[in-house]
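*Asks:* Structure in structure tokens, see below.
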Amino acid sequence: MKRNSLINRIIRARWAYLFIAPAVLHFLVFNVYPIVSTVYLSFMRFNLQGNTFVGLQNYQIAMSDPIFWKSMANTALYAMVVVPVGIGIALFLSTLIFPLRASAQNFYKGAFYLPGIVSAVVVSMIWLWMFDSTHGLLNYLLSTVGLGPVTWLGESRTALPSLMFMAVAGGGGSAIILYLAAMGGIPPTLYEAARLDGASRWAEFRRITLPLLKPTTLYLAVMGTIGSFQVFTSIYMMTRGGPNYSTSTIVFSIYQTAFEFLKLGRASAMALILAVIIITISAIQFKWLGQEVEY
């Protein structure tokens, strides 16, 4: 009886299932299947003639590879600099923009957001010219004050900081828009009550604005960390991991292992290790910033 009732409900809702079928199929093919395949390949030695089960050998090789740990250290340093500095700059700029009239806010929103919709390949090509040691804009500016030239991407000590600077300089548009939207949702009565109590502007920001922006800050921190740990395009286009692996990140290392060295099993193991690290860091961020805010 229950089975017939379930079948009848499915028949009545057949159009609903038909409409959601493309999205479900897309999710299964392009999300679930690659994840399952990655887990499977991480226990295999890939070969076009047939895979061989090797157990945890791929994980052991990856964990004992100094290049893997060098790439992981570069990625961690990149994330630790780019994410907090980017959030801090976005918060500072949002605080300056928010008191302006609506038309001025819209202008600055567009000005800061537009660079974010440009293709990462195009952005990388532009910055390659700016970092050029002979004809680049940055070295030209240094020459006007009697400094330089600097081989920005050709030396180990400057290559990764140059990529960090590039990421911070052009990646804050969406964060500014989110912060401005969150600031607009804070009730003005809270600030009025604080002013009646004699609170300064800094006290208002520290005691009202900053705590009530925690959900937005959490979102930006989590998404920024995930994006930083997955940085690839700028590395591939600008440095190819050099010089001396100083800009090799974990995703670029996975790409090289899989598609240049054709060691798909080891690359899959590295990808799963990266996934565990990202999940762990995200859980810590939720624990630290995830308190509910009510107002």
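Read-outs throughout are calculated quantities, based only on the coordinates presented, and are distinct from any laboratory measurement. Please read these numbers as outputs of a predicted model, since none were measured by experiment. So basically every Cβ, Gly included, is an ideal-geometry build from the backbone, and we count neighbours across all protein chains shown.
*Asks:* Among T217, T144, which comes first, second and so on when ranked by fewest other beta-carbon atoms within 10 Å?
*Replies:* T144, T217
*Asks:* If you don't mind, there's one more thing I want to ask. Assuming R0 = 30 Å, can you tell me the calculated FRET efficiency for the pair M125 and Y17, based on Cβ-Cβ distance, to the nearest 0.05? Working shown, then result.
*Replies:* Working: r = 46 Å, r/R0 = 1.53.
Calculated value: 0.05.
*Asks:* Moving on to the next point. Please work out how much length the chain gains when fully extended from T189 to W288, using 0.36 nm per residue of separation minus the C-alpha to C-alpha distance, in nm with one decimal.
*Replies:* 32.9 nm
*Asks:* Which part of the stretch 249-271 falls in the paramagnetic zone of Q49, meaning amide N under 14 Å from the point 7 Å along Cα-to-beta-carbon?
*Replies:* none
*Asks:* Report the extension gain between F27 and R207 in nm, rounded to one decimal, defined as 0.36 nm multiplied by the number of residues separating them, less their alpha carbon distance. Don't skip to the end; give the middle numbers.
*Replies:* Numbers: separation 180, 0.36 × 180 = 64.80 nm, distance 4.28 nm.
Here the segment from F27 to R207 would lengthen by 60.5 nm.
*Asks:* In nm, to one decimal, how far is the L77 label point from the E155 one, both placed 7 Å along Cα→Cβ?
*Replies:* Those two pseudo-labels are separated by 1.5 nm.
*Asks:* Taking other Cβ within 10 Å of each residue's Cβ, how do I20, I177 sort, fewest first?
*Replies:* In order of increasing Cβ crowding within 10 Å: I20, I177.
*Asks:* Using only DSSP helix segments of four residues or longer, with each worth -39500 (n - 2.57), what per-residue ellipticity at 222 nm results for the chain after dividing by its residue count and rounding to 500? Present the calculation step by step, with values, prior to reporting the outcome.
*Replies:* Details: 16 runs with 198 residues, N = 295.
-21000 deg cm²/dmol, from helical runs alone.
*Asks:* Also, I was wondering about something else. What number, in percent, do you get for the relative contact order of the chain if the mean sequence gap of Cα pairs under 8 Å and at least 6 apart is divided by its residue count?
*Replies:* 28 percent
*Asks:* Which option, [x] 24.5, 88; [y] 17.3, 49; [z] 23.7, 76, is the value of Rg and Dmax of the Cα atoms in Å that was calculated from these coordinates?
*Replies:* [x]
*Asks:* Among I89, I279, which comes first, then next, by fewest other beta-carbon atoms within 10 Å?
*Replies:* Fewest-to-most Cβ neighbours within 10 Å comes out as I279, I89.
*Asks:* Same structure, new question: Report, in order of residue number, the helices in the chain meeting two criteria: a C-alpha extent of 20 Å or more along the helix axis, and a mean Kyte-Doolittle hydropathy of at least -1.0; treat each whole DSSP H run as one helix.
*Replies:* 66-97, 156-170, 214-229, 264-289
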